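The values are calculated or read from the model by the stated rules, or taken from the named source; none is laboratory data. Bear in mind the structure is a predicted one, so any value in this text is a computation, not a measurement. So basically every Cβ, Gly included, is an ideal-geometry build from the backbone, and we count neighbours across all protein chains shown.
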Amino acid sequence: MARVWMLNKYLYALRLIVAKHYIYSLLLACLLAGRCLAVDSGVSASGKASSVADYEQQVLEVAKRTAAEAKAKREQERLEREKAASNTADVESFRIFKYKKDGATVFSDSAPYKIKYVVAVYNSCYACTIASRVDWYKTRLHLTEFSDTIALAAQAYKVDTGFIRAIIHAESAFNPLARSRKGAMGLMQLMPGTAKDMGVFDTTSPEQNIKGGVKYLASLLQTFNGNEMLAAAAYNAGPGAVTRHGGIPPFEETQTYVRRVKILADRYKSQKQLATN
């Protein structure tokens, strides 16, 4: 019995030593991190120390807060990394490769092999950038691209081919793979809802995109009594905005867009007129 009693006594003493060592280790870590709680100002002048239980409670509270803050910081860093990766992927998805092949301009979503190319990133419609440096009175016109498709759509929906080319030029610069961050797709930058309403199932198909876009233009022209500039404003800002404002909405982007479409339309129609003389 004496041996058992002595053994229990030693084990109890050992547990106390281990417990104190653990508490003091946490307290030391707390002090080094500058995170320890201030000693209560009510401590007597004799410098009476807190009990081991009080220190343990303080250290545990600080340790919990520190662990929670570290976890929150790691979570924030993870979210920021995911956001950065998402932004990068988003930008990459809008990269279009433009190059010449057999004398023709080609657009692709993958880089060509051993051919010089230009990379374009489409963030909005081509003519919507207010600070654009393009000289709209002199920029090269696209007079022959998709001629048959445009002619057929123009004839089917009774829309002027010069106006159609002006809209395509303003929207995508005749890039069939153009995409905007808002989700507009293809040559005429059709939004998913509009594409569906116009019977377009593949917005990257030039034929479907042009047909759907011209069909939509025809409906806008009918709504605004054949006024091409109001139709262009509605194409950019929506027919509701044009109706509410009784004309071209007072949006800087829309007004800039309409002016540029007007310049392009006049130039395309002039070229068409010259071709028939």
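Within region 133-147, can one find any residue that is touching a Ser or Thr at 6+ places or on another chain (Cβ under 7 Å) and assigned by TED's automatic domain parsing to the domain that holds N227? No; the residues of region 133-147 include none that is touching a Ser or Thr at 6+ places or on another chain (Cβ under 7 Å) and assigned by TED's automatic domain parsing to the domain that holds N227.
All of A68, A127, A151, A131 fail the test of being exposed (fewer than 13 other Cβ atoms within 10 Å of the Cβ), modelled with pLDDT of 65 or more and assigned to a loop (DSSP other than H, G, I, E, B), apart from A131.
Quick one: count up the residues across region 181-193 that are at negative phi and free of Cβ contacts under 8 Å to residues at least 60 places away in the same chain. Spell out how you get there, then give the answer.
Taking region 181-193 first, the residues at negative phi are 181-182, 184-185, 187-188, 190-193.
Then keep just the ones that are free of Cβ contacts under 8 Å to residues at least 60 places away in the same chain; that gives 182, 184-185, 187-188, 190-193.
Residues in region 181-193 being at negative phi and free of Cβ contacts under 8 Å to residues at least 60 places away in the same chain: 9 in total.
Only one of the listed residues (E207, E171) is within 18 Å of W136 (Cα to Cα) and not basic (K, R). That residue is E171. Of all the residues in region 201-212, those that are within 17 Å of A154 (Cβ to Cβ) and touching a strand residue (DSSP E or B) at 6+ places or on another chain (Cβ under 7 Å) number 2. In region 132-151, the residues that are at positive phi reach residues that are of a type outside the set (D, E, K, R) with C-beta atoms within less than 6 angstrom, at least six apart or across chains, in these pairs: F146/P206. Between Y216, Y157, which is farther than 20 Å from C125 by Cα and either of a type outside the set (D, E, K, R) or surrounded by fewer than 16 Cβ atoms within 10 Å (Cβ to Cβ) (or both)? Result of the check over Y216, Y157: Y157. Test N209 against the criterion of being part of a loop (DSSP other than H, G, I, E, B) and crowded, with 19+ Cβ neighbours inside 10 Å, and give yes or no. No, not satisfied. Cβ-Cβ under 6 Å, sequence separation 6+ or interchain: first residue in region 157-177 and part of a loop (DSSP other than H, G, I, E, B), partner of a type in the set (D, E, K, R). Which pairs? That search, which allows pairs on different chains as well, returns F174/E145; L177/D109. Within region 209-217, one or more residues are touching a residue at least 40 places away in the same chain (Cβ under 8 Å), under 15 Å from A184 (Cβ atoms) and β-branched (V, I, T). The number of residues in region 226-246 being out of contact with any helix residue (DSSP H, G or I) (no Cβ under 7 Å at 6 or more places or on another chain), of a type outside the set (A, V, I, L, M) and more than 15 Å from D160 (Cβ to Cβ) comes to 6.
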